[in-house]
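The values are calculated or read from the model by the stated rules, or taken from the named source; none is laboratory data. Here the structure is a predicted model, which means the values were calculated and not measured. Note that we place each Cβ from the backbone using ideal geometry, even for glycine, and neighbour counts take in every protein chain shown. Ligands, DNA and RNA are excluded from the accessible area calculation, which covers all protein heavy atoms including side chains. Shrake-Rupley method; radii C 1.70, N 1.55, O 1.52, S 1.80 Å.
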Amino acid sequence: MAIDIRTLEERYISSCRRHHVLPNPAILAVLFKAKIKKTCHELCSLEISLDHLKETDFPPLLDLCMDLDASEIEAVDIHNESLYALDGNYALLLMHAVNQKLRVVDLHDLSFGKDFLRDLSQRGLTCQVLTLRSSHFRKLNMMGEFMRIHTLNLDFSSSLTSFQEDCFTCMPNLMCLSLCDTRISNLWTTIAALSKLPSLDELRFQNWSCCNDAGPYSASSSGKSDDKTDSNQPNSVDYGGQLSINVGDVTNQNSSTEQGLRNLFLINNVVINDDVQSMAEDSSDDSDLDFSNPLQEHGSVELLSNVFAGGNRQVNPQNEASFDNLQNHNEEEPLDGVFTKHIGDVALTYISYHASPIDFEKHYREYMIASLPHLRLLDNLPIRKIDQEKATIKFSEYFENLPYQRKHKENVVHMLQKREIRASQTHAQSHGQKTSNLYGKSQYFYTSDLGGESRSFRPRQFEYHPSDSSLMVFGTLDGEVIVVNHENGKIVSYIPSLGAMNSVLGLCWLKKYPSKLIAGSDNGSLKLYDIHQMRSTIPGIYSGAGSVTFDEFDQLTSVHVNFTDELFLASGYSRDVALYDVSSGRRLQVFTDMHQEHINVVKFANHSPSLFATSSFDQDVKMWDLRQKPVRPCYSSSSSRGNVMVCFSPDDHYLLVSAVDNEVRQLLAVDGRLHLNFEIASTGSSQNYTRSYYMNGRDYIISGSCDEHVVRICCAQTGRRLRDISLEGGGGSRSSMFVQSLRGDPFREFNMSILAAYMRPRSRSEIFKVNMLASSDYAKEHLDGQQACPTNSMGG
């Protein structure tokens with residue numbers, strides 16, 4: 001026979017006597033309410049508020065919980081509201097003691113600390129509804145058992161930026177997921193994680209609410225406002241007649257989505273240089289948690305979310321016609337999160353509240369609907385058959401599910417292996433390399449040993465070798481030039497600055513003489529080096545033998561050698577371009593006033609020794625021919641913003657032009673006509689310097705900007721987006737990373753390297769190798785790590 005509530009009360013009082021504490025009036029009141037519910041034939045539940053408990057109250061309360069399984073109590077709800085610093089261990093002990101009758105856990109976890117979150121993630125819970133308001137997860141990684149959970153609410157978790165790919169595999173019955181007002185931004189990694197939820201039915205990253213007949217919405221999807229409970233729950237959903245709770249817009253999906261990219265891609269990472277302190281930080285078990293104040297660290301960045309005060313209102317699911325024009329509010333609706341739909345003579349106005357950055361991604365809604373075909377509600381708006389059809393069309397127009405529009409992952413790999421000349425070599429190398437988890441303590445570090453001392457560098461520019469697949473050169477903010485074997489992490493040649501150079505912004509290998517390269521710095525220094533004669537790695541004994549010094553070019557930002565290795569060009573913070581003879585070391589000519597503003601990048605064609613292109617902040621890109629004495633360009637093409645850089649496609653058919661704030665265009669090299677506009681969303685920042693290069697020959701382009709932590713990969717023939725790669729600080733770092741420069745690997749399909757820096761002062765700048773064809777979870781390979789602030793130096 002089940003233990004009645006009166007007996008539970010008596011046992012609780014008796015336990016209090018044994019532990020020499022007074023019975024807590026709040027616990028007695030909870031038992032009394034349960035008694036009333038039982039009398040009224042309602043669900044007999046206990047609603048325990050942690051706000052009313054002291055640590056001395058827990059021993060008798062835990063004794064009480066041991067009897068719950070055999071009692072009349074049908075469910076237990078646990079919640080807190082205040083920021084009272086209760087020991088999180090007591091809260092965990094209570095939740096685990098309740099066991100199978102635990103129904104709802106609704107916590108403001110700022111009060112419990114990192115140990116609580118880590119233990120909860122690793123051990124799991126038996127509750128059906130879990131709400132962790134304002135949690136400190138940075139990268140969500142739920143590893144414990146959450147078999148009964150059907151609703152998860154992480155609204156207002158302003159540190160949450162991404163997911164471990166398998167973080168939801170422990171929640172097979174999750175139907176409703178709410179992630180409003182987080183910092184999640186990457187469509188691809190988000191879908192990779194959400195596709196593991198076979199029951200997902202409702203999903204929310206923002207809250208679209210109809211505001212015609214009531215005030216605006218300001219509640220979290222737990223059904224509570226920021227300060228108090230709202231008794232009217234218009235967003236309530238009843239599951240099986242047992243539980244009715246506000247879950248907002250979260251979704252049920254039996255995800256049969258193409259596995260495709262989530263299994264195909266890996267950010268593969270190994271560190272060459274780092275300091276002992278950062279090694280300790282990166283090996284921390286707490287690397288997925290963030291207890292900083294993001295408003296202090298990132299300032300106005302958090303204003304992406306629209307937060308308003310008011311009452312909780314719901315979009316009426318019956319008004320299906322009202323959503324016909326909501327195809328993509330990022331593109332067709334204003335970014336202030338408001339749209340209006342007319343139904344007959346009635347105008348309905350909808351407002352978005354608590355939007356996460358992912359909502360501002362172009363074609364976000366279509367991408368989500370097409371990728372999660374079983375969703376029923378997205379952002380509080382119902383998904384109809386016509387929405388799915390339109391999303392499928394839009395997805396095929398703007399996105400590639402797999403490279404080269406293949407249908408199956410196996411076909412892609414097989415096709416690339418056949419195309420790749422060094423397929424067997426690359427395959428062997430990939431199995432021989434050490435890969436590591438981006439955020440875990442398995443991260444592997446290489447430290448460069450220069451003359452018996454450990455050294456770290458501050459990279460500012462880098463280039464792959466044109467004929468040796470193992471070599472890469474990078475220049476530093478301190479004027480050093482380092483040639484590294486990026487396959488084994490060994491330094492091949494080290495050239496110190498010796499006070500002659502500042503930041504190295506220009507690097508270019510010679511092609512016919514593969515041991516030689518030209519390096520230029522922002523103070524105008526220009527030198528040619530032969531790495532075969534620069535083998536010393538001991539600072540202080542560098543003799544200068546094997547180098548050639550050229551006439552300086554003040555405020556240099558770019559150098560480039562023609563394909564015959566006879567001439568090279570230099571440009572910088574001026575309207576002039578200088579032409580040099582490689583063999584004699586002489587400056588042959590200075591072409592003046594080629595643009596109205598400074599010329600940031602100059603590039604020779606890959607197959608013509610006399611053709612070159614210039615890109616300038618006067619918004620023009622110009623093609624020149626040395627045979628015509630470049631007084632007048634062959635043609636000129638204008639962007640709407642200042643041009644950061646230009647480069648030729650490997651076959652010289654196209655020019656890839658990158659202007660400020662993600663204006664990326666592909667021109668026909670023969671006459672400058674527009675071939676393709678990649679339509680990457682702008683941020684509104686005039687300092688968001690964008691750089692783009694080709695990858696896989698001329699098949700794809702990669703593009704990144706210095707105010708963003710995302711590298712975008714697009715098809716160079718159609719403009720469709722294949723994937724975005726988000727860079728995030730490894731280990732204990734709490735800052736996002738920003739793209740300073742990037743290059744496609746000329747020898748390996750779907751491989752690239754990215755020079756990234758942290759916005760936080762005294763943080764590392766790093767070169768990451770990215771291997772999109774690897775087959776394990778996201779990891780990254782550091783080529784260099786060092787404390788450095790991002791710089792606004794231009795350069796390619």
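In the stretch 339-358, what count of residues is obtained for those that are modelled with pLDDT of 90 or more and either open to solvent by 20 Å² or more (accessible area, probe 1.4 Å) or not hydroxyl-bearing (Ser, Thr, Tyr) (or both)? Steps first, please.
Narrowing the stretch 339-358 to residues modelled with pLDDT of 90 or more: 354-358.
If we keep only those that are either open to solvent by 20 Å² or more (accessible area, probe 1.4 Å) or not hydroxyl-bearing (Ser, Thr, Tyr) (or both) as well, we get 354-355, 357-358.
Residues meeting the conditions: 4.
In the stretch 568-580, which residues are open to solvent by 30 Å² or more (accessible area, probe 1.4 Å) and part of a strand (DSSP E or B)?
Hits for the stretch 568-580: nothing passes.
Looking at the stretch 617-644, which of the residues that are surrounded by 19 or more Cβ atoms within 10 Å (Cβ to Cβ) and within 30 Å of the chain's Cα centre (by Cα) is farthest from ARG575 (Cα to Cα)?
Ranking the qualifying residues of the stretch 617-644, first place goes to SER639.
Looking only at residues in the stretch 722-738 that are under 20 Å from CYS706 (Cβ atoms) and not in a loop (DSSP other than H, G, I, E, B), which one is modelled with the lowest pLDDT?
SER736
Read through the list (1) assigned to a helix (DSSP H, G or I); (2) without any contact (Cβ under 8 Å) to a residue 60 or more places away in the chain; (3) in contact with a helix residue (DSSP H, G or I) (Cβ under 7 Å, 6 or more places away or on another chain), then give the number of the only condition that LEU8 fails.
(2)
With the stretch 635-716 as the region, which strands (runs of 3 or more DSSP E) entirely inside it contain at least 3 residues that are within 24 Å of HIS560 (Cα to Cα) and either outside the structural domain of SER571 (by the TED database) or at pLDDT 95 or above (or both)? Give the derivation first.
Working: elements: 635-638, 643-648, 654-659, 663-668, 674-677, 690-695, 700-705, 710-715.
Answer list for the stretch 635-716: 635-638, 643-648, 654-659, 663-668, 690-695, 700-705.
Restricting to the stretch 655-684, name every residue that is open to solvent by less than 30 Å² (accessible area, probe 1.4 Å) and out of contact with any Leu (no Cβ under 9 Å at 6 or more places or on another chain). It would help to see each step written out before you state the result.
Going through the stretch 655-684, the residues open to solvent by less than 30 Å² (accessible area, probe 1.4 Å) turn out to be 655-667, 669, 672, 676, 678, 680.
Within the stretch 655-684, SER658, ALA659, VAL660, ASP661, ASN662, GLU663, PHE678, ILE680 qualify.
Being open to solvent by 10 Å² or more (accessible area, probe 1.4 Å), within 18 Å of LYS527 (Cβ to Cβ) and among the hydrophobic types (A, V, I, L, M, F, W, C) is the filter here; which residues of the stretch 456-489 pass it?
Hit for the stretch 456-489 is LEU477, nothing else.
Of all residues in the stretch 347-381, how many are in contact with a Lys or Arg (Cβ under 7 Å, 6 or more places away or on another chain), under 21 Å from CYS180 (Cβ atoms) and outside any loop (DSSP other than H, G, I, E, B)?
Number of matching residues: 3.
Could you check, for the stretch 581-595, whether at least one of its residues is under 20 Å from LEU667 (Cβ atoms) and of a type in the set (Lys, Arg)?
no
Of the numbered conditions (1) under 27 Å from SER199 (Cβ atoms); (2) at pLDDT below 90; (3) open to solvent by less than 10 Å² (accessible area, probe 1.4 Å), MET143 satisfies every one except a single condition; which is it?
(3)
Which residues, taken from the stretch 163-182, are open to solvent by 10 Å² or more (accessible area, probe 1.4 Å) and at pLDDT below 90?
The answer is GLN164, GLU165, ASP166.
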